[in-house]
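The structure under discussion appears below in the form of structure tokens.
Each reported figure results from applying straightforward, stated rules to the coordinates on display, with no laboratory input. These figures come from a predicted structure and were not determined experimentally. Heads up, the Cβs are rebuilt from the backbone with ideal geometry, glycines too, and the neighbour counts pull from every protein chain shown.
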Amino acid sequence: MIQAILVFNNHGKPRLVRFYQRFPEEIQQQIVRETFHLVLKRDDNICNFLEGGSLIGGSDYKLIYRHYATLYFVFCVDSSESELGILDLIQVFVETLDKCFENVCELDLIFHMDKVHYILQEVVMGGMVLETNMNEIVAQIEAQNRLEKSELLAWGL
Amino acid sequence: QARGIQTHPPKPEHGAKYISQCIDEIKQELKQDNIAVKANAVCKLTYLQMLGYDISWAAFNIIEVMSASKFTFKRVGYLAASQSFHEGTDVIMLTTNQIRKDLSSPSQYDTGVALTGLSCFVTPDLARDLANDIMTLMSHTKPYIRKKAVLIMYKVFLKYPESLRPAFPRLKEKLEDPDPGVQSAAVNVICELARRNPKNYLSLAPLFFKLMTSSTNNWVLIKIIKLFGALTPLEPRLGKKLIEPLTNLIHRLSVAVLISLSSGMPNHSASIQVLTWLWPLSAVKYLGLLAMSKILKTHPKSVQSHKDLILQCLDDKDESIRLRALDLLYGMVSKKNLMEIVKKLMTHVDKAEGTTYRDELLTKIIDICSQSNYQYITNFEWYISILVELTRLEGTRHGHLIAAQMLDVAIRVKAIRKFAVSQMSALLDSAHLLASSTQRNGICEVLYAAAWICGEFSEHLQEPHHTLEAMLRPKVTTLPGHIQAVYVQNVVKLYANILQQKEQAGEAEGAQAVTQLMVDRLPQFVQSADLEVQERASCILQLVKHIQKLQAKDVPVAEEVSALFAGELNPVAPKAQKKVPVPEGLDLDAWINEPLSDSESEDERPRAVFHEEEQRRPKHRPSEADEEELARRREARKQEQANNPFYIKSSPSPQKRYQDTPGVEHIPVVQIDLSVPLKVPGLPMSDQYVKLEEERRHRQKLEKDKRRKKRKEKEKKGKRRHSSLPTESDEDIAPAQQVDIVTEEMPENALPSDEDDKDPNDPYRALDIDLDKPLADSEKLPIQKHRNAETSKSPEKDVPVVEKKSKKPKKKEKKHKEKERDKEKKKQKEKKVKLVPRKHKKEKEERTKGKKKSKKQPLGSEEAAGEPVQNGAPEEEPLPPESSYSLLAENSYVKMTCDIRGSLQEDSQVTVAIVLENRSSSILKGMELSVLDSLNARMARPQGSSVHDGVPVPFQLPPGVSNEAQYVFTIQSIVMAQKLKGTLSFIAKNDEGATHEKLDFRLHFSCSSYLTTTPCYSDAFAKLLESGDLSMSSVKVDGIRMSFQNLLAKICFHHHFSVVERVDSCASMYSRSIQGHHVCLLVKKGENSVSVDGKCSDSTLLSNLLEEMKATLAKC
């Protein structure tokens, strides 16, 4: 199970916070901060796995992260997930974002936070991996976007 | 307006003022009718939530947006809900119907968005109500919906474990779904389930085996391999079968190998070679170490050969890798390499930057050394010196860990005590530990252990006087309170020891000097802010002053003083207390003494029971009576020990044996010479030990070789074949000193079970369900119908048909498992013996729901009447399900049932619990209860409200839901039954509009409801009857066929009595009213009749009670 998905920039500003386990808002922020400090300390050329975030779960949990330009993508998972599998999943997620936003950058995440969530919802649902096939994900997102457009037209917006 | 839907995110950089302005704006927008504006506002809220602002206040608005008809808005609502809703959100149950509607929507995206949202905020209630809807979606035509429905089932199982068995066949079906996405989802769910309870899923192995060879989806493969990783330990044959397909996979993608390894496959040693080739890549290195730790559990030998490689990893700059390597080391130590590994770790401790890693190292060193009862330690002096070295770490959080180890080793390894004491006294003397005393849990914690060891084993001290002075330094008062407390206590032990030495040596002056030192220094502790320290210090100061007086008269005191601390402490296993089996016939829940109401006697009683005679004596006795004085102090010390948490832990105090004080010849007489320089504490000495140990081992080996040669010669002579190999194995290394690890004490015939290791709150335990059994009718998922909420909301009605003996059928909140078991029992009973009148489901429901029916109708009216007689086993006749809730009133909107209980705490008060159940399809709001008070009975109302105001019901009722409200009534006279009139008014709101409705009811306070079940012992009961101030009355009821056992149970249940004694068909019963009236009953069963004689301190109450009882009995 995936416990949380966090995206934040090089300064620790949250860009996407998705918990699959209930934490009060202030704890969520604390977790984001702690995770940011853990990840920031690490060189880019050392491994992408990290243990010992004290706030989420215990020893069964790991942080698996990837660093892209200005953004960190961090997944907090338990031992039922494969480390390399999750690394691959982060890549799928980022590539999907890239396709949907055409050259995704940090600003896209700020201005279309809801859309980013919708895309994530097609990849991970309730902490479980829903779909890993990028074409399938993009197809579903596009279908939903079309539906939205037609609805808005009918609404007269 | 066209841009309305686009979010304009507020920027947190603008500060808190900007945010609060934003929230105000959002609040305005939420008030508008335009759904687009509302949705936009909710979207902004979601953004704020991400920035850490609580948006729970907008939960209702979110639900509004969720129920929008357009997908665009609905999606926004569900997103906000999935981010902010949780089990504690109270409006969440309002979403049930909306979600159900969306789930059955014709648009697959509406359904999809509802499923996604639900997966994030599903609660047990939602899971129960929607499980069936989701089940149907698992066979939806669109794969998009199917895969989501399959995936969400896992969440449903977690929240509502009963759904697992009914849903499992369909889940299994989905493993072979034509769509790869659905297949992958099903594999995903089953893997999560199997991870926790693998044994239930072994039967699926062939299916997964097929999938593994056919699937091309890497994700599915990874999951399946993980699953097999969990299954193979249970079924070893699987492992062999898997080798072939796995090697095929190796050729296809090399990465999968590593993943398979890290999932814990039992693999051949060749795979470790693969790992070492790929070393340079850091990610792979990490995974390699992870995999090795899994292999280590099954094949320790094959990993141990890579020890050097792993030690190298400790130098890696990546902390993750270092921690992994540390983990591995834990499993790799043996007697042979322990010292070497720990030495290496110690150098890392010195080098380590950052406290987290250093602390991790420290705990690992201790873990490694103490694992499986110090199995690998051959030289405890070495271990103690390692511990002492560790105390030099500044700023660690694990001081208490080191302290615990020191104590454990010193107590359990007798041979090491002398050495330990010398090290500890050095620690006490060193200043650096005192300096760090500001930090909680810091390194100063070891002083706790040091002080205790030096005190308890003071006979081993070289220079006790010096240690005593060290412990009495003024700086000690800066230590945390609990450490000071131990200091104070152990100072006395030391003092006792010194005193004895001095007296034996005939140095009366020396002894007096020590006493003077104590008298001088102890006051600093008496002033402590810590209560424990203060109390102990002042107590001891008085004792010492008294000793001083005696010394002045040249009375020898040492014997008596050291007698205070005679006796040996035995370590007790931490679980020992729990494992003491309950002796037969002991009921821990039964009252030992009947609880007494008047405060005076309560004060007196325990003292008489628990205290020794000494307490009654006048406190101040003339001080000449030394022996008695000391005896009293010993007693006091015993009490103090009992209060001292440390003593409780380590001594089975009641059985503590008092030994004779050690004889004169055992005590070394040491000249105290303060000018002699002390040992420099804390020098790294462990290295010396390593060398010494090596030498020792070498010598040992030589000796052994010699012996072996001799033996060989002998063998040659005897012409026997010898088989022993001349290699040095673990077993050959004999421990350095006669190590006697005292095993922790366990109670006799302790149960060896390890059940208590499991966490009863583990959510996954509920999912440990046998899936191969066929489904029973009772396990069907609840399908939406009216009143479905009731069956689970009021557990009283869930009571199984077969009730055991006189136990009251009033068990609240059963564990799922128990329920399951009960169901099984029910089934079996029904199948085996047709003793229980077989009823159709409908009937049973009727029975459980309309309780009053079965109460008012004579039981014999149904087919049940003849049955027990036919069976000829009236004793076994089961009691029908009982509920203490009786119907109050009902109409088409609402049904009210109530239960009246007396409260023990407050005189003359009863609690009325009213269960309100919504039977309509509209929401019931604004419910208010107004009751007309009588002179005798008044309702407790919130302050400030008048007698005519209604009291609001603290909840709303959505359709089909029931809930319980409790009200307190004050009753003045309880000798008469009485009725109160009342009205429930409420607003019923549905799609068409809202209407005001009313429901009248009559609350009936029977005399029985003023009684509270109070147990009573037969001797107390006899006394009560003998006392003669009870009035008497009796009734007789004819035509009773019910068994006596059930009859008594009925009286107990309906009239709150408890059985005092039962002899054949005669029983005495007792109960007490809330105002303290005693009620005694003698129930006798004749041929077809029952007579009840009652005695009570109030005759009116008794006659009313007997009337009520007569009515109950008449129904039997």
Can you list the equivalent-ellipsoid semi-axes of region B:86-196, largest first and in whole Å, using the square root of 5 times each Cα gyration tensor eigenvalue?
21, 17, 11
Any of B:LYS1084/B:LYS1115; B:LYS226/B:LYS307; B:LYS172/B:LYS226 with alpha carbons more than 22 Å apart? Name them for me.
B:LYS226/B:LYS307
Evaluate E = 1/(1 + (r/R0)^6) for A:ASP43 and B:GLU509, where r is the Cβ-Cβ distance and R0 equals 56 Å; express this FRET efficiency to the nearest 0.05.
0.20
Fully extended contour minus Cα-Cα distance, from B:ASP315 to B:THR136, at 0.36 nm per residue
58.8 nm
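Evaluate E = 1/(1 + (r/R0)^6) for B:SER1089 and B:SER886, where r is the Cβ-Cβ distance and R0 equals 22 Å; express this FRET efficiency to the nearest 0.05.
Details: r = 27 Å, r/R0 = 1.22.
Efficiency computed from Cβ-Cβ geometry: 0.25.
Region B:386-565: D in µm²/s via Stokes-Einstein (Kirkwood Rh, Cα pairs, 20 °C, 1.002 mPa s)?
Numbers: Rh = 16.5 Å.
Stokes-Einstein gives a translational diffusion coefficient of 130 µm²/s.
If r is the Cβ-Cβ distance from B:LYS979 to B:VAL947 and R0 is 25 Å, what FRET efficiency results, to the nearest 0.05?
Details: r = 18 Å, r/R0 = 0.71.
My answer for the efficiency is 0.90.
Would you mind checking the pairs A:LYS13/B:LYS17; A:LYS62/A:LYS149; B:LYS344/B:LYS418; B:LYS155/B:LYS578 and listing those with alpha carbons more than 30 angstrom apart? Walk me through the numbers before you get to the answer.
Numbers: A:LYS13/B:LYS17 19 Å; A:LYS62/A:LYS149 40 Å; B:LYS344/B:LYS418 28 Å; B:LYS155/B:LYS578 35 Å.
Table pairs above 30 Å Cα-Cα are A:LYS62/A:LYS149; B:LYS155/B:LYS578.
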Neighbour cut-off at most 12 other Cβ (10 Å), DSSP loop, GluC sites (Glu not before Pro), region B:1040-1116:
B:GLU1087
For B:GLN527 and B:TRP591, calculate 0.36 nm times their separation in residues minus their Cα-Cα distance, and state this gained length in nm to one decimal.
18.7 nm
Shielding by partners - mean other protein chain Cβ count within 10 Å, residues of B:216-225
3
Separation of the A:ASN103 and B:HIS86 label points, Cα + 7 Å toward Cβ, nm
4.1
Can you tell me, using C-alpha contacts under 8 Å and at least 6 residues apart, the relative contact order of region A:1-153 as a whole percent?
23
Lys pairs under 21 Å by Cα in region B:886-1005, provided they are eight or more residues apart or on distinct chains:
10
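If you build the convex hull over the alpha carbons only and average its shadow over all orientations, what do you get for region B:1011-1114? Give it in nm² to one decimal. Each step should come with its number before you reach the end.
Values: hull surface 23.1 nm².
For the Cα atoms of region B:1011-1114, the hull's average projected area reads 5.8 nm².
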How far apart, in nm, are the 7 Å Cα→Cβ label points at B:ALA1020 and B:MET1032?
2.4
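Net charge near B:ASP1019: determine it from the other residues with C-beta under 11 Å of the C-beta of B:ASP1019, scoring Lys and Arg +1 and Asp and Glu -1.
In short, -2.
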Excluding A:LEU6 itself, calculate the net charge of residues whose Cβ lies under 13 Å from the Cβ of A:LEU6, where each Lys or Arg counts +1 and each Asp or Glu counts -1.
+4
Figure the gain on full extension for B:ASP367 and B:GLU695 (residue separation times 0.36 nm, minus the Cα-Cα span) and round it to one decimal in nm.
115.4 nm
At what distance in nm do the modelled label points of B:GLN966 and B:GLN21 sit from each other, each positioned 7 Å from its Cα along Cα→Cβ?
5.0
